[in-house]
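Please read the structure below before turning to the comments.
Any read-out appearing in this document is the output of simple, stated calculations on the displayed coordinates, not a laboratory observation. It should be emphasised that the depicted structure is a prediction, and the values quoted were computed from it without experimental measurement. Cβ atoms come from the backbone with ideal geometry, glycine included; neighbour counts cover every protein chain shown.
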Amino acid sequence: MPNSLEMQRPLSSDRQVVKINDDSTGLLLKDNRVFVEEQPTEVNEVATKTYVDNIDVAGKILGYTRIANDGTGSSDNLINIGSSMAVLQTTSGTDVSVTFTAPSSGSVEIEFSARLYTSSTTVAFALSDDASFSEIDETHTYDAGVYKMDETDINLINIKWAVRGLTNGTTYTYYIAADETSGSTSQIHHGRFRSTGTHYPPIIVKAVAIPVYTGGE
């Protein structure tokens, strides 16, 4: 006698077990949905919704900020970094930040890039959840120093933070802060250079969805 998949009654809003002849399988059906009796425990088993959500959102850009000076004043394109940790702000009063809605994984990567000028100075960077510096977590405050130049240097820097434990669907704004841990000459240059028509790279801050990650905070 050939094996056959059987159900006791037509599909409805109640789950019912799918059988092969008289033996019950681990599958349950209701309307147009499929369920399993036990949660998957191995990578090749049926994926859970959480797993699928994490994969679906990974790499999605959730928020993007571009800041580029268009003023013609001699210092309009400069952000001077001071000796105490503070949120970066342009001459025109724009905070360097990004706003995003947390994904289902609750994990994001914040990426900051800008043109940094320094002279014999070590610069630290941090994430803040307020325009007045408010540390998100000590591990997201890179106060041991991010860039150290023992002479005059100019670099296009790229700094990343991985943040987890966010609430799915909640909107967050994260700010980029910086200070000088040694030395006293550092600036971020962005956009138009006075009125000559030449330009520095813009400041970019973006939030990217990532899967739930393990390891230290």
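Shape class for the range 175-217: oblate, because the ratio a/c of the largest to smallest gyration tensor axis (alpha-carbon atoms, square roots of eigenvalues) is 1.5 or more and b/c is at least a/b.
Here the gap between Ser184 and Ser75, fully extended at 0.36 nm per residue and compared with their Cα-Cα distance, gives a gain of 37.5 nm. For the range 96-189, the square roots a ≥ b ≥ c of the C-alpha gyration tensor eigenvalues yield an a/c of 1.5 or more together with a/b exceeding b/c, which makes the shape prolate.
For the pair Thr167 and Tyr64, a Förster radius of 22 Å applied to the C-beta separation gives a FRET efficiency near 0.55, rounded to the nearest 0.05. Among residues other than Asp14 with Cβ under 15 Å from its Cβ, the summed charge is +2 (Lys and Arg +1, Asp and Glu -1). Residues within the reach of a label modelled at Ser104 (point 7 angstrom out along Cα to beta-carbon, backbone nitrogen below 19 Å), restricted to the range 139-171, are 164-171. If you take the Cα centroid of the range 196-215 and the Cα centroid of the range 152-177, the two points sit 8 Å apart.
Bridgeable lysines around Lys19 (alpha carbons under 29 Å apart, same-chain partners fewer than 8 residues away excluded): Lys30, Lys49. Provide the FRET efficiency to the nearest 0.05 for the Glu37-Asp129 pair, computing r from the beta carbons and using R0 = 35 Å. Here the calculated transfer efficiency is 0.25. If R0 is taken as 35 Å, the Cβ-Cβ distance between Thr139 and Ser92 corresponds to a FRET efficiency of 0.65.
Between (1) 20.8; (2) 18.6; (3) 17.7, which entry matches Kirkwood radius over Cα pairs in Å as derived from the coordinates of this structure? Checked against the structure: label (1).
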